[in-house]
Amino acid sequence: MKSHTLKIGIASLAAIGTLGIGATALAANNTGTVENVAAATQVKGQKICSNLDQIHTKASTREQHIGDREARLKEHRATAFAAGHTAVVARIDARLAMLTKREQRVEKRITKVDKWAAKHCPVTPTPTPTPAAESPATSTPDVSTTAA
């Protein structure tokens, strides 16, 4: 009985020592300061702004994949329904419901990213077509300024 109590005591002492050392190390490391958190947020924001095109590309690819999967499942569901496999139809309906939720999550995330980007990312002007791009044969002369 004494050896059991001794083992518990030693284990408790070791656990307390480990926690004490971890707390000391955590207190010595000042990663939780306001400046460090703000800097990390700024870096994250810069990454989002610089990769906004990639984010949209991946999201549209994901939405396309979900749409393709949904079309295949609907075909399988029609086949199973025609064959009278009600259990298969129920499973496919559950999968379709999951895909709908996934599609809604992707749309919600893109909306959230777009709102955040509109607020935090610098606006890049959209390129406007230059007048030199028009060919002279297709441009119409201004009739009001020509001499009559």
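For this structure, a couple of remarks:
- The range 91-119, subset touching a residue at least 40 places away in the same chain (Cβ under 8 Å) and of a type in the set (A, V, I, L, M, F, W, C), residue surrounded by the fewest Cβ atoms within 10 Å (Cβ to Cβ): TRP116
- Residue within the range 75-90 that is at pLDDT below 95, surrounded by 10 or more Cβ atoms within 10 Å (Cβ to Cβ), assigned to a loop (DSSP other than H, G, I, E, B) and not aromatic (Phe, Trp, Tyr) present: no
- Taking every residue in the range 52-64 that is more than 17 Å from LYS115 (Cβ to Cβ) and without any contact (Cβ under 8 Å) to a residue 24 or more places away in the chain and pairing it with any residue that is surrounded by 10 or more Cβ atoms within 10 Å (Cβ to Cβ) and among the aromatic types (Phe, Trp, Tyr), at least 6 positions away or on another chain, yields no pair with a Cβ-Cβ distance below 8 Å.
- Residues of the range 69-91 that are among the hydrophobic types (A, V, I, L, M, F, W, C) and over 16 Å from GLU103 (Cβ atoms): ALA78, ALA80, PHE81, ALA82, ALA83, ALA87, VAL88, VAL89, ALA90.
The values are calculated or read from the model by the stated rules, or taken from the named source; none is laboratory data. Computed from a prediction, not measured in an experiment: that's the story for all the values here. When we count neighbours, we look across all protein chains shown, and the Cβ atoms used for this are built from the backbone with ideal geometry, even at glycine.
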